[in-house]
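Enquirer: One structure, as structure tokens, below. Some questions next.
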Amino acid sequence: MQYHSTRDNAVCVTAARAITQGISKDGGLFVPESFPPLSAQEIDSLVNCSYVERATYVLSKYLTDFTQEEVKACAEAAYSLERFRDPAIAPLRTLHDNTHILELWHGPTCAFKDMALQILPHLMRVSAEKTSDGKEIVILVATSGDTGKAALEGFRDAPHTRILVFYPEDGVSPMQKLQMVTQEGENVSVCAIRGNFDDAQTGVKTIFTDPAVADMLAQNGMMFSSANSINWGRLVPQIVYYVSAYCDLLKNGTLKNGEPMNVVVPTGNFGNILAAYYAKKMGLPIAKLICASNKNRVLTDFINSGTYDRNRAFFTTTSPSMDILISSNLERLLYELSGRDDAEIREWMSALSKDGSYTVSDTVKAAIEESFVGGCCDDEQTAATIRNIFETYGYLCDTHTAVAVHVCEEYLRDTGDTTPTVIASTANPYKFSSSVLTALGADVSALDEFEKVEALNTATGEAVPSPLSCLRGRTPRFTGVCDKENMQQVVYDLLGIQ
Ligand SMILES: *Cc1c(COP(=O)(O)O)cnc(C)c1O
């Protein structure tokens, strides 16, 4: 299995190269040359397997330059009970009737980013050995909150690796911020920027693709890689849990092999839902892919109109990990839907960076409509959903998951679709205690972050995950803030190079 760039079909690299390099030199994203089929018999054979076995099976189809033993060792190290608090790793719960919740937040940072970022450092280590550059790997991350912490936790004290995280100063929840600024490890740094997530992501992408910066690092025996969802090593582990959810629906008798499920994903950078689309391309029976957005509804509008337009107001919402106007991974979807037309992708992406918008062809628009549904919801609807789901079903969900639940219910009501539907639940509710408590009707104005956690615990009886409760009283290690124009200098300073 080789990997091409979305902006140049002539680029051809191994999985190990795609993972260590992170992004193609032309600014494009690495994509597999084809989608390895997953047959009904193969799915059957995975039904009674553990998550590690399912992961090893699926990942081996893409990481063909890894040995089976290497893939298995990575999966075992990542999805262990030392790291995850549920033996199923990604358990599926039935909310009601045909609606199921795939809980992706039982890892160390309580958000779904752990599903990929617990295994990425292991994939990166094996990849670096194969590409044998012998350089120290510098992981540069832009985060809307959850990626940063999950990457710090995944890469902390990983040998021959440094990790630098930039987050928008006012764009993450207090708990997310506390998780990052108290991060332990000898090889980690965290810095806030004055700007929003798109500024952080654009800054990181610019540094990444600047040949002068790459030279400077090379002179110092270092090279960049990415832990953002543009990295293939981030995306491929996410395919696994959709296969796993389908196996669980077979196992509990909801579906017979071959019958379809829908998938609903609360979406930001389009990584999570793209993984579901890739699973569908492999042959996993997925009917509709339902893309749920918050008030930053650039994807809803795109799916419904064929025009992507980031020239609009940016809203800070109660689901901050989805406050994004440039969804990077959409480029990978467009590449497939355009019939792998790299010239068309180059054109659209340059229009996006120059004018902030582009319109896809009618063929691509039709292809989007065939598989995707877009929906969105504002903060009031999110809060009403949290309260309603808790009061009706006794299930407590976080703000991001609630966006997906709302869009899902609207879709099922409007269409009368009775296909069993899996909602990706992307964070533990305690990561967003303030918004969740407010949704339940509490007045939080006088409470500090940990009093909110306590109050939520009292109100709901849901257990507080230990990685969050243990942050109480910790002193911040990282207090730096920089302007978005100065990110490159901050990187040099943190790496100690001139
Ligand atoms: C990152 C994140 C999302 C968005 O996922 P994408 O893969 O970027 O679309 C949604 N919810 C939570 C809690 C997240 O951390």
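Read-outs throughout are calculated quantities, based only on the coordinates presented, and are distinct from any laboratory measurement. Predicted model, so just to flag it, every value in this text is computed and none were measured. Counting neighbours? That spans all protein chains shown, and the Cβs are built from the backbone with ideal geometry, glycine included.
Enquirer: Per the Cauchy relation, a quarter of the hull surface: what is the mean projected area of the convex hull of the alpha carbons in the chain, in nm²? Provide the component values of the computation, followed by the final result.
Expert: Values: hull surface 84.5 nm².
Averaged projected area of the chain's Cα convex hull equals 21.1 nm².
Enquirer: Here's something else I'd like to know. Assign unit charges at the C-beta atoms only (+1 for Lys and Arg, -1 for Asp and Glu), then state the dipole size of the chain relative to its Cα centre in Debye, rounded to the nearest 20. Could you put the intermediate results ahead of the total?
Expert: Values: 42 positive and 62 negative charges, 111 e Å.
The dipole magnitude comes to about 540 debye.
Enquirer: Count the net charge of all other residues whose Cβ sits under 14 Å from the Cβ of GLY375, scoring Lys and Arg as +1 and Asp and Glu as -1. Walk me through the numbers on the way to the answer.
Expert: Numbers: positive: LYS288, LYS295, ARG297, ARG413; negative: ASP301, GLU369, ASP378, GLU409, GLU410, ASP414, ASP417.
For residues surrounding GLY375, the net value is -3.
Enquirer: Are there chymotrypsin sites (Phe, Trp or Tyr not before Pro) in region 66-114 that DSSP marks as loop and that have at most 14 other Cβ atoms within 10 Å, and which are they? List each step's numbers first, then the result.
Expert: Working: sites: PHE66, TYR79, PHE84, TRP105, PHE112; in loops: PHE66, TYR79, PHE84, TRP105, PHE112.
Of the chymotrypsin sites (Phe, Trp or Tyr not before Pro), not one in the loops of region 66-114 has a Cβ with at most 14 other Cβ atoms within 10 Å.
Enquirer: What nm distance separates the two modelled labels at ALA384 and ASP355, each placed 7 Å from Cα along Cα→Cβ?
Expert: 3.7 nm
Enquirer: Taking the Cα centre of region 38-102 as origin, work out the dipole magnitude from +1 charges on Lys and Arg Cβ and -1 charges on Asp and Glu Cβ, in debye rounded to 20. Each step should come with its number before you reach the end.
Expert: Numbers: 6 positive and 10 negative charges, 43 e Å.
Dipole about the Cα centre, nearest 20: 200 debye.
Enquirer: Determine, for THR415, THR401, the number of other Cβ atoms within 10 Å of each Cβ, and report the residues in order from fewest to most. Don't jump to the answer; show the numbers that get you there.
Expert: Numbers: THR415 11, THR401 33.
Ascending Cβ contact count within 10 Å gives the list THR415, THR401.
Enquirer: If a paramagnetic tag sat 7 Å from the Cα of THR475 along the Cα-Cβ line, which residues of region 166-192 would have the backbone N under 15 Å from that point?
Expert: Output list for this probe position: 182-184.
Enquirer: Continuing with the same structure: Report the one residue of GLY306, SER5, ILE101 whose Cα lies farthest in the direction of the positive end of the charge dipole of the chain (charges on C-beta: Lys and Arg +1, Asp and Glu -1; origin at the Cα centre).
Expert: Value computed over the given set: SER5.
Enquirer: Ranked by Cβ crowding within 10 angstrom, fewest neighbours first, how are TYR51, TYR492, TYR167 ordered?
Expert: TYR492, TYR51, TYR167
Enquirer: Now a separate question. What's the longest uninterrupted piece of the chain once you rule out the GluC sites (Glu not before Pro) that are loop residues per DSSP with at most 16 other Cβ within 10 Å? Can you show the working numbers first?
Expert: Details: sites that count: GLU33, GLU82, GLU169, GLU184, GLU186, GLU462.
The segment 187-461 is the longest one with no such site.
Enquirer: Stretch GLU451-ASP210 to full length: gain in nm at 0.36 nm per residue minus the Cα-Cα span?
Expert: Values: separation 241, 0.36 × 241 = 86.76 nm, distance 4.53 nm.
Contour length minus Cα-Cα distance gives 82.2 nm.
Enquirer: Something else: Modelling each spin label as a point 7 Å along the Cα-to-Cβ direction, I'd like the HIS96/GLU42 distance in nm, to one decimal.
Expert: Distance between the two pseudo-spin positions: 3.8 nm.
Enquirer: If you average the C-alpha positions of region 327-403 and of region 293-310 separately, how far apart do those two centres end up, in angstrom?
Expert: 7 Å
Enquirer: Let me ask another. What is the fewest-to-most order of LEU440, LEU274 by other Cβ atoms lying within 10 Å of their Cβ? Show your work: numbers first, answer last.
Expert: Numbers: LEU440 18, LEU274 26.
Ranking LEU440, LEU274 by Cβ neighbours within 10 Å, fewest first, gives LEU440, LEU274.
Enquirer: Have a look at ILE89, TYR57, VAL71 and report the one farthest towards the positive end of the charge dipole of region 47-93, computed about the Cα centre with Cβ charges (Lys/Arg +1, Asp/Glu -1).
Expert: Of ILE89, TYR57, VAL71, it is ILE89.
Enquirer: Further question: Give me the distance in nm between label points sitting 7 Å out from Cα along the Cα-to-Cβ direction at GLU369 and ALA73, one decimal.
Expert: 5.1 nm
Enquirer: Shifting gears a bit: Need the C-alpha centroid separation for region 445-498 versus region 405-430, integer Å.
Expert: If you average the Cα positions of each part, the centres end up 30 Å apart.
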